[in-house]
Structure formats: C-alpha cells, structure tokens
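The values are calculated or read from the model by the stated rules, or taken from the named source; none is laboratory data. These numbers were taken from a predicted model, which means no experiment stands behind them. Glycine also receives a Cβ, built like all others from the backbone with ideal geometry; neighbour counts cover every protein chain displayed. Accessible surface areas use protein heavy atoms only, side chains included; no ligands, DNA or RNA. Shrake-Rupley method; radii C 1.70, N 1.55, O 1.52, S 1.80 Å.
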Amino acid sequence: MQQLLLDIRPPTIPDLAHFVLGRNHELMGQLQAMLNAQTTERMVYLWGASHCGKTYLLQAWAHACRLRGLSVGSLTQSDLSSDEVERSPAQVVVIDHADAWDAAQQLTAFATYNRVREAGGLWLSAGRLPPAELPLMPELRTRLGWGLVFQVNELNDDEKHAALVQHANSLGFRLEPQVADYLLNHTPRDMGNLLRVLEALDRLSLETRRPITLPLVRQLVLP
C-alpha cells in the first residue's frame, strides 16, 4: 500500500544564488549592484517570454532586499488596485506582469514609479514585452524605459540541465544525469513546468519510498 506523506517542508524561497545565469550575467550584475548600493541606476525593467525566469528573479531579489533590512513592496496585480500602494513607505517596489495591467492599475503603477524615483528608492518590474511594445498608457511606457531595460534570456539545454540539478539539491536529493535528460526530452521544456515536475517527482519518491530513478520518472510522466 502506497504511503501518502504530508509535504511538511517549508516552501523553497527564491534565492539569487540559485538562479542559473546562462546569458544573463549583465542583468545579475546590475541587480547585485543595486543591492549593494554600488550604482546610480535604481530603476530596472525586465522583459522576456513566459517561464524564462522573470518572476523567480523578482521574488529572489525582493527576498535579498529584505535580508539587507530594506522594506519591500512586492506588488501583485490585485495590490495595484489598492489606493494604499501609492502611500506605501517601502524603500523597494517590485511589480510583475506589466503587460497585463488594466487602466486603474496603470495609474497606480505610474504614481508609484514617480514616488519611488523621487524618494531615491529602488524599482524592479517585469513583463513579457519591452517597454515600447507594452499595451500601457504612453506616460507609463516612457517611465519604464527611463531606467535600465534587460531582456531575460531563456536557458539552453545545458543550462536547463544545470538548473534541474541545482533545484534538486535545494530539495535535498541528487538528480542523476539520465533522469534530468529524460525530463528534458519527455516533458514540456519551459523551466516552470520542469521544476514543477521535479517537485512532483520528489513527492512521489517520498510517498512510495522509492529512489528517484528512471522507472519512477516514467511512472510519473507517462500516461
């Protein structure tokens, strides 16, 4: 009989050290410089395809800011609908999904951007498109383009392999190379899905008390 275990591990906290850089070294250098107050550039916008790592980077950078004692406003789309956002005393503001902001959220983001800039705070936002192509009011597109703009480049196969191994280590197990190769060849290849499959594999291993080998992976992946 399969033993079902409650997953009592704390959720994995996004960490800049766990982000596989690939071709994103310049971007990471800027984020680190902002953390360490080693740059005059304080407003950054990231863009790239879905599942390229933008959201993870925003969450990891916000976590790193908190560890340095900075107050952080990590704003969701629902937060952007609140009038309190504009009055927030946060030293750092992090906002995702710029391409999906509605008219009211755009106004809030616009006011918040101006407040953060005037107060000398830090701003990090992201969307799927570069600022000039965002479906936003012109004034907000202009603001997002005032600071530094980076494209978050997707990982190649070798980098995805490294990211899987690194995530497995953070979960507490060693991922065999053939298992990583199987996941890359037999599941959707975006990193968000690959990491979710890896976490499901870890849970199945705990529930069945079986090591993470190709037979276990096939049990999870094959219909």
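Below, the figures for the structure above:
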item: Residue within the range 181-188 that is open to solvent by 20 Å² or more (accessible area, probe 1.4 Å), under 29 Å from Gly29 (Cα atoms) and of a type outside the set (A, V, I, L, M) present; result: no
item: Close pairs (7 angstrom Cβ cut-off, 6 or more residues apart or separate chains): at pLDDT below 90 and open to solvent by 80 Å² or more (accessible area, probe 1.4 Å) in the range 1-30, among the β-branched types (Val, Ile, Thr) and not in a loop (DSSP other than H, G, I, E, B) anywhere; result: Gln2/Thr208
item: In the range 174-223, residue nearest to the chain's Cα centre (by Cα) [restricted to those that are in a helix (DSSP H, G or I) and acidic (Asp, Glu)]; result: Glu199
item: Matching residues, the range 13-48, being more than 21 Å from His167 (Cα to Cα) and out of contact with any strand residue (DSSP E or B) (no Cβ under 8 Å at 6 or more places or on another chain); result: Gly29, Gln32, Ala33, Leu35, Asn36, Ala37, Gln38, Thr39, Thr40
item: Pairs, first under 15 Å from Glu139 (Cβ atoms) in the range 107-124, second open to solvent by 10 Å² or more (accessible area, probe 1.4 Å) and hydroxyl-bearing (Ser, Thr, Tyr), C-beta under 9 Å, six or more apart; result: Thr108/Ser81; Thr108/Ser82; Thr112/Ser88; Arg115/Ser88
item: Within the range 126-140, considering residues that are of a type outside the set (A, V, I, L, M) and surrounded by 20 or more Cβ atoms within 10 Å (Cβ to Cβ), the one nearest to Leu198 (Cα to Cα); result: Gly127
item: Cβ pairs under 6 Å, 6+ apart, first in the range 132-150 and of a type in the set (D, E, K, R), second open to solvent by less than 40 Å² (accessible area, probe 1.4 Å) and in a loop (DSSP other than H, G, I, E, B); result: Arg141/Leu134
item: Of all residues making up the range 104-125, the number that are out of contact with any Cys (no Cβ under 8 Å at 6 or more places or on another chain), closer than 21 Å to Leu31 by Cα and among the hydrophobic types (A, V, I, L, M, F, W, C); result: 5
